[in-house]
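Read the structure below first, then the notes.
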Amino acid sequence: KNQVEQSPQSLIILEGKNCTLQCNYTVSPFSNLRWYKQDTGRGPVSLTIMTFSENTKSNGRYTATLDADTKQSSLHITASQLSDSASYICVVSKWTDKLIFGTGTRLQVFP
Amino acid sequence: SQTIHQWPATLVQPVGSPLSLECTVEGTSNPNLYWYRQAAGRGLQLLFYSVGIGQISSEVPQNLSASRPQDRQFILSSKKLLLSDSGFYLCAWKGLGQNSNQPQHFGDGTRLSIL
């Protein structure tokens, strides 16, 4: 069954701290993995996209990693800011371009 | 640059009433268009997608329908809303011919509450 599971479900950290969000998937055939950021009441915004051959990709303070062998990905946020408070959604794309969405990790950054 | 607009932003409707949500894309031609629903605590669920005017594919059987009367306009409709239709509805687009490694771009959604 094609599934994307994210952990933790929610996370609270202090401003300036780092954090790592996890994503495990069982989607096949795999095409790529994306991380989206979704602010409350807004649509998701793409942060990174990684294909099978890519192990890591950065976008500013966001760094995503992919282990296609173990079917795991992580999103690392460095020096968190209040504006990082959002839901982070892991999405895996099949060759057919069908997207399988995780349920997201809700991150809250406090001052 | 390309932009996507959804309206209304929020909507409260009684059970049994009709529905029409609109989505328009600017700055691109022949986009692939998508309607998703996001229920609380669940991942986004693809409802419909369209690769061209009048071409609609449905992913799940439901009380909703979609239409694409113009190249950059995508409409989500219902004749009679159910309580279970409540949710956050997102429209998305992707450039025609773009490979699967290009992201879909989402609108800001419509929060639909059925009373």
Fluctuation leader among A:84, A:97, A:67 - chain A, Gaussian network, Cα springs under 10 angstrom: A:97
Buried area at the A-B interface (accessible, heavy atoms, 1.4 Å probe, summed, Å²): 1500
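Provide the net charge surrounding residue A:24, with neighbours chosen by a C-beta distance below 14 Å and charges set as Lys +1, Arg +1, Asp -1, Glu -1.
Numbers: positive: A:1, A:71; negative: A:5, A:67, A:69.
Within the 14 Å Cβ shell, the charges total -1.
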Hypothetical label at residue A:11: residues of the stretch B:6-46 whose amide nitrogen lies under 11 Å (7 Å Cα-Cβ projection): none
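Summing Lys, Arg as +1 and Asp, Glu as -1, what charge do residues with Cβ under 15 Å from the Cβ of residue B:20 carry, residue B:20 excluded? Before the final figure, lay out each step's value.
Working: positive: B:68, B:79, B:80; negative: B:22, B:85.
Residues near residue B:20 contribute +1 overall.
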Test item: A:39-45 mean partner chain Cβ contacts at 10 Å: 6
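Say a site is exposed when it is one of the trypsin sites (Lys or Arg not before Pro), sits in a DSSP loop, and has at most 13 other Cβ atoms within 10 Å; what is then the longest site-free stretch of chain B? Walk me through the intermediate numbers first.
Working: sites that count: B:42, B:79, B:80.
The longest uninterrupted stretch comes out as B:1-41.
What percent do you get for the relative contact order of chain B when only Cα pairs under 8 Å and 6+ apart count?
Working: 285 pairs, mean separation 41.0, N = 115.
With pairs under 8 Å counted, the relative contact order is 36 percent.
Suppose we look only past 20 Å in the calculated P(r) of the stretch A:30-88. What percent of the Cα-Cα pairs does that tail hold? Let's see the in-between values first.
Details: 464 of 1711 pairs.
Distances greater than 20 Å cover 27 percent of the Cα pairs.
Based on the alpha carbons, how large is the Rg to Rh ratio for the stretch B:1-47 when Rh follows Kirkwood?
Numbers: Rg = 13.4 Å, Rh = 13.1 Å.
Expressed as Rg/Rh, it is 1.02.
What number comes out for the charge environment of residue B:31, summing +1 per Lys or Arg and -1 per Asp or Glu over other residues with Cβ under 13 Å away?
Details: positive: B:68, B:72, B:94; negative: B:26, B:71.
That sum, taken over residues with Cβ under 13 Å, equals +1.
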Two-site FRET efficiency, residue A:54 against residue A:2, from Cβ-Cβ distance with R₀ of 22 Å, rounded to 0.05: 0.60
Volume of the Cα convex hull of chain B, divided per residue and given in Å³: 100
Most mobile listed residue (A:85, A:73, A:46) in chain A, GNM with C-alpha springs under 10 Å: A:46
FRET efficiency, 1/(1 + (r/R0)^6) with R0 30 Å, evaluated for residue B:39 and residue A:28 via beta carbons: 0.75
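Cα convex hull of the protein assembly as shown: how many Å³ per residue?
125
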Gaussian network model of chain B, springs between alpha carbon atoms under 10 Å - residue of B:84, B:20, B:57 with greatest fluctuation: B:84
Contact order normalised by residue count of chain A, Cα under 8 Å, 6+ apart, percent: 38
Cut-off under 5 Å, modelled amide H: who pairs with residue A:15 long-range: A:110
Portion, in percent, of the accessible area of the stretch B:40-95 that falls on carbon or sulfur, probe 1.4 Å: 51
Whole-Å distance, taken between Cα centres, linking the stretch B:19-36 and the stretch B:39-74: 9
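With every protein chain kept in place and ligands, DNA and RNA left out, what is the accessible area per residue of chain A? Probe 1.4 Å, answer in Å². Walk me through the intermediate numbers first.
Numbers: 5400 Å² over 111 residues.
I get 49 Å² per residue for chain A.
The values are calculated or read from the model by the stated rules, or taken from the named source; none is laboratory data. Everything quoted here is computed from the prediction, not taken from an experiment. We place every Cβ from the backbone using ideal geometry, glycine too, and count neighbours over all the protein chains shown. To get the accessible areas, we keep the full protein, side chains included, count just its heavy atoms, and leave off ligands, DNA and RNA. Shrake-Rupley method; radii C 1.70, N 1.55, O 1.52, S 1.80 Å.
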